[in-house]
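Structure first, then comments.
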Amino acid sequence: MTNMISAEGRRKLQERYDFLWETERPRMVKNMADAAAEGDRSENAEYIYSKKRLREIDRELKHLGDRLKVLKVVYPPLNPTSVSFGCWVSYEDEDGEERCYQLVGPDEFDVSLGKISIDSPVGKALLGKKVDDEVTIKRPAGDLTVTVLAITSRKPE
């Protein structure tokens, strides 16, 4: 797994960690204590739920803490000539359909926002390519050949 992340992605992970640590975890600890004070814990749904949720929070905090220690913030080049981390890449497939994605680290990908991991098959295929390069993307549904149309450091309008 790649240990690169954008500054925005790093900020979002840190915000998630801080929210869990400062807000969500103390709330669950209080819920658990309140539920425990009611008596029989074995049949207390609120106690059981709070205990389970606290374990999930602690597991996520550990994961986020471990990742935040090793992640390196990487900025895209200002005027990229080839596809690299953080760049926005526009390409056209065999059917003339255009797509545009930003290559980001595996901790921040969100296809609905146009962010794909550099570790994904598409990301790996595009890395290092230049405008007008033909790229073959290996997919389970079959290979797809695309042509790189543009590479920018900022999201195209």
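The values are calculated or read from the model by the stated rules, or taken from the named source; none is laboratory data. All of these numbers come straight from a predicted model, not from anything done at the bench. Note: ideal-geometry Cβ built from the backbone for every residue, glycine included; neighbour counts use all protein chains shown. Calculation scope for accessible area: heavy atoms of the full protein, side chains included, ligands and nucleic acids excluded. Shrake-Rupley method; radii C 1.70, N 1.55, O 1.52, S 1.80 Å.
Points worth noting:
- One residue from ARG27, ARG11, ARG16, ARG99 being open to solvent by 30 Å² or more (accessible area, probe 1.4 Å), in a strand (DSSP E or B) and among the basic types (Lys, Arg): ARG99
- Among the residues of the range 69-83, those identified as over 11 Å from SER6 (Cβ atoms) and either over 17 Å from the mean Cα position of the chain (by Cα) or open to solvent by less than 20 Å² (accessible area, probe 1.4 Å) (or both) are PRO77, LEU78, ASN79, PRO80, THR81, SER82, VAL83.
- Selection from the range 119-151 of residues that are modelled with pLDDT of 95 or more, touching a strand residue (DSSP E or B) at 6+ places or on another chain (Cβ under 9 Å) and part of a loop (DSSP other than H, G, I, E, B): LEU127, LYS129, LYS130, VAL131, ASP132, ASP133
- Listed by first and then second residue, the pairs linking a residue in the range 119-137 that is open to solvent by 50 Å² or more (accessible area, probe 1.4 Å) to a residue that is charged (D, E, K, R) and modelled with pLDDT under 95, with Cβ atoms under 9 Å apart and 6 or more places separating them unless they lie on different chains, are PRO121/LYS138; PRO121/ARG139; LYS124/LYS138; THR136/ASP143.
- Taking each residue of the range 85-105 that is closer than 14 Å to GLU8 by Cβ and modelled with pLDDT of 95 or more and looking for partners that are among the acidic types (Asp, Glu) and part of a strand (DSSP E or B) with beta-carbon atoms closer than 9 Å, six or more apart or interchain, yields VAL104/ASP110.
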